Structure formats: structure tokens, C-alpha cells
Amino acid sequence: MSTKLVLGLGGTVDYEIDWDSGVIEALIAEYAIRASELDQRVAVETERDLLVALLAFVRDGSGGERFVASSALVETFAARFRTRITLGGTCVRAAIGMRVLGITCTLHLVSIDDNVRRLLPEGCEYISSAQRDTTDPHLIVQFAQGARVDSGDIHLVAPHPNRVIFTNDPPNRELVLSAQLEDTLRDADVFMVSGFNVIQDAQTLETRLRELLSAMRRLPEHAVVFYEDAGYHVPELSALVRRELVGRVDVHSMNEEEMQAYLGRQVDLLDAERLRTDLEELHELIPAAVLVVHSKHWSLALGERAGDFGDALRGGVVMASTRYLHGDGFTEQDYRDVERLPNSTRGAEVASRLESMLGARVRVIAALDLDTGSPTTIGLGDTFVGGFIAALSR
């Protein structure tokens, strides 16, 4: 009997642009942007604001997601670059990765258009709350380590590869649930939840959480519920989601950026002693049955059942690493080749030390030793989720 996987709650149409320092530098000059203005948290109401925020991310080598005033702003900026149209959203990118291994799922979507119909992975079914076709693209800007920007008094060299997302997506902001969700969950073995981070209104969020929890009562007793956290457009609303989902999900997962946002400080991912304190504080803040954190150096599960998820962690690490090396079009053979790569030395040292200190409460999988001059940084967390769930399904 096959395993039924249901992934939600919303997908996106993504405009992935090719980094072009010349275009960026010309815009800096056109808008007379100065280094002192760079700020990741500036309200993005104009193209100038978008550039101010983007440059701050490049300066720090960090990634994130920002709300913009309109989809027209995304269209305007993307038109200046070579652009590819792809599908995104955690559930959809996870499904794309899983399909490479021959694993299909049912997707819950809140928007639909011809791009989505054309690009959804073959064999995957979907339910949708959309009443009509709409397109509200997400702008995704990827930059490589060493990407340079030199204009005026701005002289930047990106210390790390990363990606930044800019979006204004009304269907995902409303996140209306399909009337078919309850019936779809009746025989689900795994249910993955994501997407609440885009909602900007507390009342809307409370309503969606109430509806979701009602639908989840239809899940079989054995079903595993996996929640993937994200950068909240209104950070204060994340506490409401944590409060409602703790005790109702089996796995609460996040990346290193989200962990640092919860802790309110930078985290040294290679200092095992300090990480122990960081992780214990994080688990106290989010007392999930199993807390998963995936980062560029290691991925771990923390909780009484952490040991049950070692294979799933490994599956997530391998699939995200395969995308990092090979991009959108990776194959099952690429996955199998990456599976044989050695672990990174520094990641393995941290993994060993954490497991020694925390014992059976933690399972840590070191990152793989990856080397490429053209890494893909878009969708790595989503692809980790796909690898994690694919391993669970096996």
C-alpha cells in the first residue's frame, strides 16, 4: 500500500533573475543610493527601497523574504534582468524534489494559473481554494559568494552565497483553505504545513489556524504532521502560530535564519558549546515534540524522539545538497552521486560534539563537502523538506 503525502498550504510563481552587477550599479547611480542607507528592514514601497534592502542582504551575505508594495514593483525590477519563471512555495518545491525520486503527493494550493498547470511535477495531484486564475510573482534574487557591487561609496563583496525573496501575493496572504482539505486528510500518512508567514492580519491568521486544526482532526492517528517555519512578514504573528501548533504537530522545522530570528541574535553554527545553549533556549521557546533545524553546516532533530528522524535528516541534507550543486534540473543519478559525498569536516566535528553533550535527545547530520563555482541557493530549505519527507515515506 502506497504512502499518501499531503503538502500545503500554498505555492507560488517565481521570477528568478540572473545576477548582473552592471544593472545593479547603474540603478545605485540612478537612485543616488549611499552606503549609510542600506537596511534589510526598510519598507519596500518603491524600486529604490527594494534595491536598498537587497544591497543590505548582499553586504551581509544573508538571505530573507520581504513584503513589497505591489506585484507591479516585482514586474518592473525583474524586467531589467534575464528572468526564468519557476514554481516555488515550500510545498511545491518539496514536491518537485520528491518527484525526482519517483515519489508523488497531493498539493494544497491557494492560487492557480497556466504557469502552475504547466510546471507542477508530473503525477502530483492538487486541490485548490482558488476561484479564478491569478498571477502574483515572487521575485527571487540569488547572488554568489564574491558577488561585487561598486558604485559611488558602495563597495560590496558578498561573504556568502544566498538568496532574497520579494513578494506581494494576495492569495497566499489570505491563505484560504480548500473545502476538499478535510476529505483529503482522512487517509494521509504525512501532512506538511507551511505558508502562515505571509499572512499579515491577526484575525485572518486566527481564522486560518482554527480551520486548519479542524481539518487536521480528520487525520489518521498514525499520521505525521510536519510544520516548516519561515520568515514572518509580521514577526509578531509567529507567536500565535507557535502557540496553536505546539502539541499538534510532530515536527517543527526551521532554517538557521529563522532560529536566529527567534533567539534575537546571531548564532555561531560551528561553536558546539554555545550551540547547546542556543538550542536549549530555542526548544524552551518552541517546545515541539521534535524540533528540526537545518543549516549550511549541519541539520539536527532535538527532542525525545530525535533518533527516529536520523534517516529523514540525511534525506533532507542529500536532496538540498543535490539542488545546491545541480540546480533545478537535478536527476536521480545526481542525487545518488551526492549521497556518496563525504561529510564536511567542520560540520562533522560539531555534530559529534553536540551528540556527545546532549545524548539521545539530539540527532545531528553534518553537511556534505560541496564544491561548485555556481551554487544554487534558491529553494534549498524547501528541497530539504522534500528530502526529509521522501525519507519518511520510505
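The values are calculated or read from the model by the stated rules, or taken from the named source; none is laboratory data. Quick caveat: nothing in here was measured; it's all calculated off a predicted structure. Positions of Cβ are backbone-derived with ideal geometry, glycine not excepted, and every protein chain shown enters the neighbour counts. Only protein heavy atoms, including side chains, enter the accessible area calculation; ligands, DNA and RNA are left aside. Shrake-Rupley method; radii C 1.70, N 1.55, O 1.52, S 1.80 Å.
Given the criteria assigned to a helix (DSSP H, G or I) and among the small types (Gly, Ala, Ser), does ALA130 qualify? Against the criterion (assigned to a helix (DSSP H, G or I) and among the small types (Gly, Ala, Ser)), ALA130 does not qualify.
Kindly check whether there is at least one residue in region 278-293 that is in a loop (DSSP other than H, G, I, E, B) and within 16 Å of ILE365 (Cβ to Cβ). No: region 278-293 contains no residue that is in a loop (DSSP other than H, G, I, E, B) and within 16 Å of ILE365 (Cβ to Cβ). Report, by residue number, each residue of region 304-330 that is touching a residue at least 40 places away in the same chain (Cβ under 8 Å) and small (Gly, Ala, Ser). Scanning region 304-330 gives ALA306, GLY307, GLY310, ALA312, GLY315, GLY316, ALA320, SER321, GLY327. Just to be sure before I move on: is ALA202 without any contact (Cβ under 8 Å) to a residue 60 or more places away in the chain and of a type in the set (Gly, Ala, Ser) in the structure I sent? So ALA202 fits the description; yes.
Any residue that is among the small types (Gly, Ala, Ser), open to solvent by less than 20 Å² (accessible area, probe 1.4 Å) and within 21 Å of ARG93 (Cβ to Cβ) - is there at least one of those in region 214-230? No, there is no match, as no residue in region 214-230 is among the small types (Gly, Ala, Ser), open to solvent by less than 20 Å² (accessible area, probe 1.4 Å) and within 21 Å of ARG93 (Cβ to Cβ).
Keeping to region 334-366, report how many residues are in a strand (DSSP E or B) and either out of contact with any Gly (no Cβ under 9 Å at 6 or more places or on another chain) or farther than 17 Å from ALA301 by Cβ (or both). Spell out how you get there, then give the answer.
Keep residues of region 334-366 that are in a strand (DSSP E or B), which gives 343, 362-366.
Keeping just the survivors that are either out of contact with any Gly (no Cβ under 9 Å at 6 or more places or on another chain) or farther than 17 Å from ALA301 by Cβ (or both) gives 343.
Residues in region 334-366 being in a strand (DSSP E or B) and either out of contact with any Gly (no Cβ under 9 Å at 6 or more places or on another chain) or farther than 17 Å from ALA301 by Cβ (or both): 1 in total.
Residues in region 253-269 include at least one that is touching a strand residue (DSSP E or B) at 6+ places or on another chain (Cβ under 7 Å), open to solvent by less than 10 Å² (accessible area, probe 1.4 Å) and of a type in the set (A, V, I, L, M). From the set of residues in region 277-296 that are open to solvent by 30 Å² or more (accessible area, probe 1.4 Å) and touching a helix residue (DSSP H, G or I) at 6+ places or on another chain (Cβ under 8 Å), which is farthest from ALA348 (Cα to Cα)? Per the criteria, the residue is LEU285.
Tell me, please, whether a residue that is modelled with pLDDT under 95 and within 30 Å of ASP337 (Cβ to Cβ) can be found in region 93-111. No, region 93-111 contains no residue that is modelled with pLDDT under 95 and within 30 Å of ASP337 (Cβ to Cβ). Taking the conditions exactly as written (modelled with pLDDT of 95 or more, hydrophobic (A, V, I, L, M, F, W, C) and farther than 23 Å from SER129 by Cα), does MET216 satisfy them or not? Against the criterion (modelled with pLDDT of 95 or more, hydrophobic (A, V, I, L, M, F, W, C) and farther than 23 Å from SER129 by Cα), MET216 does not qualify. Mind checking which residues of region 173-209 are open to solvent by 40 Å² or more (accessible area, probe 1.4 Å), out of contact with any strand residue (DSSP E or B) (no Cβ under 8 Å at 6 or more places or on another chain) and in a loop (DSSP other than H, G, I, E, B)? Passing the criteria: VAL176, ALA179, ARG186, ASP187, ASP201.
Just give me the residues in region 71-82 being out of contact with any Leu (no Cβ under 8 Å at 6 or more places or on another chain) and assigned to a helix (DSSP H, G or I), in sequence order.
SER71, ALA72, GLU75, THR76
For region 74-115, the set of residues classified as aliphatic (A, V, I, L, M) and open to solvent by less than 20 Å² (accessible area, probe 1.4 Å) consists of VAL74, ALA78, LEU87, VAL92, ALA94, ALA95, MET98, LEU107, LEU109, VAL110, ILE112, listed by residue number.
The residues of region 219-250 that are aromatic (Phe, Trp, Tyr) and at pLDDT 95 or above, listed by number, are PHE226, TYR227. For the residues ARG340, ARG363, ARG346, the requirement of being at pLDDT 95 or above and either of a type in the set (A, V, I, L, M) or crowded, with 21+ Cβ neighbours inside 10 Å (or both) singles out ARG363.
So in region 254-277, with the set limited to residues that are outside any helix (DSSP H, G or I) and polar (S, T, N, Q), which one is modelled with the highest pLDDT?
Taking region 254-277 as the starting set, the residues that turn out to be outside any helix (DSSP H, G or I) are 254-255, 264-271.
Then keep just the ones that are polar (S, T, N, Q); that gives 255, 266.
Values: ASN255: 96, GLN266: 93.
Of everything passing the filter in region 254-277, ASN255 is modelled with the highest pLDDT.
Just one of the numbered conditions (1) assigned to a loop (DSSP other than H, G, I, E, B); (2) open to solvent by 50 Å² or more (accessible area, probe 1.4 Å); (3) within 30 Å of ASN162 (Cβ to Cβ) is not true of VAL249; which one? The single condition VAL249 does not satisfy is (2).
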